[in-house]
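J.: The structure under discussion is supplied below as structure tokens; questions concerning it will follow.
Any read-out appearing in this document is the output of simple, stated calculations on the displayed coordinates, not a laboratory observation. In this text, all values refer to a predicted model and were calculated from it rather than measured experimentally. Note that we place each Cβ from the backbone using ideal geometry, even for glycine, and neighbour counts take in every protein chain shown.
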Amino acid sequence: MRARLPVLAAALAVVVACAGTPRGAPAGASDGAGVSRLPITGLDGGTTALGTVLGNKPALVSFWAPWCEPCVRELPQLERLAQAAGPCGAAVLGVAVGERPESIGPFCRARHLTYPQYTDESFTLADALGQRRIPAIVVFDRAGAIVYKGDALDARATAALDAATGGGCALR
């Protein structure tokens, strides 16, 4: 029985991490400068800093994994949001946690996802943002400050991205 306890604990952690219980709240405009230097890996295998990817535009970053059903259900909504956000000068990014680029690339292509996808195989960025549960959403303003953290793509997340653009983009 003792040998099974770690396996059961790990299975429970996965179920809890993927539960998607809404808990989104404004983040209080915390400084994202520390995380802007952290690396993320593109689907081509190249690594860059998050701040380089974000540039000087508001962005919604979705943390997800292909085995997480609530995450996969959000992907079409994120695609539509990315299409609406682009003309407003905002970005939507996907970050697959615990995954390798060579597995995420085919997964995203099969689902016709056009918004940028990255991986965080070792959870470096996710841990720095305190986002070990997935799905998870983090919204950054133009200055790279975190203005929202939540569990899923919902009205609060899109309202935070809309506010970060200056409003009027009808992202809600």
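J.: Considering the Cα positions of region 49-172, please state its Rg to one decimal place and its Dmax as a whole number of Å.
T.: Rg and Dmax of region 49-172, Cα atoms, are 13.2, 38 Å.
J.: A further question follows. Using Cα pairs closer than 8 Å and at least 6 residues apart in sequence, work out the relative contact order for region 84-172, in percent. Working shown, then result.
T.: Values: 111 pairs, mean separation 21.8, N = 89.
It rounds to 24 percent for region 84-172.
J.: Looking at region 103-172, I'd like the Rg to Rh ratio, where Rg is from alpha-carbon atoms and Rh is Kirkwood's inverse mean 1/r. Don't jump to the answer; show the numbers that get you there.
T.: On the way: Rg = 13.7 Å, Rh = 13.7 Å.
Rg/Rh: 1.00.
J.: What are the residues whose amide H is under 5 Å from the amide H of Tyr148, where those residues sit 5 or more places off or on another chain and H is modelled from the backbone?
T.: Counting only residues 5 or more places away or on other chains, the set is Ala27, Val139.
J.: Calculate the dipole size of region 53-141 relative to its Cα centre from +1 charges on Lys and Arg beta carbons and -1 charges on Asp and Glu beta carbons; express the result in debye to the nearest 20.
T.: Values: 8 positive and 9 negative charges, 41 e Å.
It comes to approximately 200 debye.
J.: Taking amide hydrogens as modeled 1.01 Å from N in the peptide plane, which residues meet the under 5 Å criterion relative to Ala96, leaving out close sequence neighbours?
T.: It is Trp64, Tyr118, Thr119, Asp120, by chain and number.
J.: Going 7 Å from the Cα of Phe123 toward and past its Cβ, which residues in region 153-171 have a backbone nitrogen under 19 Å from where you end up?
T.: none
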